[in-house]
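What follows is a short report on a single structure.
The values are calculated or read from the model by the stated rules, or taken from the named source; none is laboratory data. No experiment lies behind these values; they were computed from the predicted model shown. All Cβ positions, even for glycine, are placed from backbone atoms using ideal geometry, and neighbour counts span all protein chains on display. Just the protein is used for accessible areas: all its heavy atoms, side chains included, with ligands, DNA and RNA removed. Shrake-Rupley method; radii C 1.70, N 1.55, O 1.52, S 1.80 Å.
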Amino acid sequence: MAGDSRVHMDHDMEIGVTPREQVKKLPKHLRESQIPTDRTHLISDPVKKPRQRYVQKDGKCNVHHGNVKETYRYLSDLFTTLVDLRWRLSFFIFTLVYVVNWLFFGFLWWLIALIRGDLLHSDEEGWTPCVENLNSFVSAFLFSIETETTIGYGYRVITEKCPEGIILLMVQAILGSIVNAMMVGCMFVKISQPKNRAETLMFSHNAVISVRDNKMCLMFRVGDLRNSHIVEASIRAKLIRSQQTKEGEFIPLNQTDINIGFDTGDDRLFLVSPLIISHEINEKSPFWEMSRAQMEKEEFEIVVILEGMVEATGMTCQARSSYLDSEVLWGFRFTPVLSLEKGFYEVDYNNFHDIYETNTPTCSAKELSARLKESPLLPHLPLLSPDLRAHTTDPFQTTEDQAKHDADTPPETNNGSANRLEENP
């Protein structure tokens, strides 16, 4: 029995299939990169060197600012600096500002009482202090808290024979209102930030490339989990990759626009149910001359940005995600998630990230367009069927040669591969 298992494992390694035991021992990021298909095994492709992301899948930008010498610029916009702080720092500064403010004015009240002699003559009859029942620094600190928070217990009160105390009371009231406005405003803006709203906006794990209406298209899917919709939703995409100019200048992480319907208005979304965003690979597309083999060698990242207003608050919300070159799959389509029920449409989010393999030419969109102008028969082009990938070397092999090859191939070797497109009459 052990010998048979060893033979099967060696056979799997010969045909390029990853055994189950080996898949389990792979690192997590490599196990997730395996794409399940309708076949009985997982096709193991050569693993490329991991690429550093520019934007994380959750939308966080993987960029750190170092050697910033002009730190005073952060203080020029203090409100935004406080809002951008982490929660633990925000709570610490919120508490620190109030405590320091109370201690400062408590010290001033105690100083006035010390200069006037109220601390020494507080027990004498006929002596009118600046603040009644203020006989120590602790009582001055408590009076400062009562004044700024307008608690007013009535035990410690300012008298009318203390003009310096009246002036200090007005100053503390004004400055206390400013501190309250800033601190409460920062906390309110921080709580009501629409960043958390982006947590319910979903992007598909992978982007796919396949043919739509005889045109090669790059597609990904977006969805909104909430019943309160995003108003005036719009989407755009950027291609991030290094570039070298004709003069020899190297531009790292150069950004190029990817047209996903800006000229036709398709970038404006009515995001009630999940939508498949499509980028037509035409002459203006950066993928125009890329074939499947060339794309596997390229290193790039596609950043997608979804913007809109939150219906409940009216605040602008932005959700981001990205797709590395290894996450752009050639020859796949998205599984439908929308179904018609009795009186309503139902979205099955279990299939939101699911894709299935489809017949797709492996040539570039430029070659596909030129070939379609010569002949509208799409099956004349190489397809992404597993058998054709393994045995086809001519990029424009005819369907007659493919049919002859299929006749010579035993049925069991197809192993559930996708059927070829039928030739139009």
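Looking at this structure, is GLY223 among the small types (Gly, Ala, Ser), open to solvent by less than 100 Å² (accessible area, probe 1.4 Å), assigned by the TED database to the domain that holds ASN350 and closer than 17 Å to ILE305 by Cα?
Values: among the small types (Gly, Ala, Ser): yes; open to solvent by less than 100 Å² (accessible area, probe 1.4 Å): yes; assigned by the TED database to the domain that holds ASN350: yes; closer than 17 Å to ILE305 by Cα: yes.
Against the criterion (among the small types (Gly, Ala, Ser), open to solvent by less than 100 Å² (accessible area, probe 1.4 Å), assigned by the TED database to the domain that holds ASN350 and closer than 17 Å to ILE305 by Cα), GLY223 qualifies.
Hey, can you tell me all the residues within segment 332-348 that are open to solvent by less than 80 Å² (accessible area, probe 1.4 Å), under 26 Å from SER291 (Cβ atoms) and assigned to a strand (DSSP E or B)? Let's see the steps before the verdict.
We begin by selecting, within segment 332-348, every residue open to solvent by less than 80 Å² (accessible area, probe 1.4 Å); these are 332, 334-335, 337, 339, 341, 347-348.
In the following step, the residues that additionally are under 26 Å from SER291 (Cβ atoms) were identified as 332, 334-335.
PHE332, PHE334 - these are the residues of segment 332-348 that are open to solvent by less than 80 Å² (accessible area, probe 1.4 Å), under 26 Å from SER291 (Cβ atoms) and assigned to a strand (DSSP E or B).
Could you pull out the residue among PHE137, PHE141 that is aromatic (Phe, Trp, Tyr), at pLDDT 90 or above, open to solvent by less than 60 Å² (accessible area, probe 1.4 Å) and touching a helix residue (DSSP H, G or I) at 6+ places or on another chain (Cβ under 7 Å)? Let's see the steps before the verdict.
On the way: PHE137 fails: open to solvent by less than 60 Å² (accessible area, probe 1.4 Å).
The unique qualifying residue is PHE141.
Among the residues of segment 109-133, which ones are touching an Asp or Glu at 6+ places or on another chain (Cβ under 7 Å) and either in a helix (DSSP H, G or I) or within 17 Å of GLN172 (Cα to Cα) (or both)?
To start, the set of residues in segment 109-133 that are touching an Asp or Glu at 6+ places or on another chain (Cβ under 7 Å) comprises 112, 129-130.
Answer for segment 109-133, where residues must be touching an Asp or Glu at 6+ places or on another chain (Cβ under 7 Å) and either in a helix (DSSP H, G or I) or within 17 Å of GLN172 (Cα to Cα) (or both): ILE112, CYS130.
Looking only at strands (runs of 3 or more DSSP E) that fall completely inside segment 266-331, which ones have 1 or more residues that are among the aromatic types (Phe, Trp, Tyr) and surrounded by 17 or more Cβ atoms within 10 Å (Cβ to Cβ)?
On the way: elements: 275-280, 301-310, 316-324, 328-330.
In segment 266-331, 316-324, 328-330 are the strands (runs of 3 or more DSSP E) which contain 1 or more residues that are among the aromatic types (Phe, Trp, Tyr) and surrounded by 17 or more Cβ atoms within 10 Å (Cβ to Cβ).
Yes or no, residue by residue, for (1) modelled with pLDDT under 90; (2) farther than 14 Å from VAL97 by Cα; (3) within 49 Å of the chain's Cα centre (by Cα):
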| position | (1), (2), (3) |
| --- | --- |
| THR150 | yes, yes, yes |
| ARG156 | yes, yes, no |
| CYS162 | yes, yes, no |
| LEU168 | no, yes, no |
| VAL179 | no, no, yes |
| LYS190 | yes, yes, yes |
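If the requirement is being in contact with a strand residue (DSSP E or B) (Cβ under 6 Å, 6 or more places away or on another chain) and within 24 Å of ASP213 (Cα to Cα), which of these qualifies: LEU271, LEU306, LEU253, LEU324? Talk me through it step by step, then tell me what you get.
Values: LEU306 fails: within 24 Å of ASP213 (Cα to Cα); LEU253 fails: within 24 Å of ASP213 (Cα to Cα); LEU324 fails: within 24 Å of ASP213 (Cα to Cα).
Being in contact with a strand residue (DSSP E or B) (Cβ under 6 Å, 6 or more places away or on another chain) and within 24 Å of ASP213 (Cα to Cα) holds for just one of LEU271, LEU306, LEU253, LEU324, which is LEU271.
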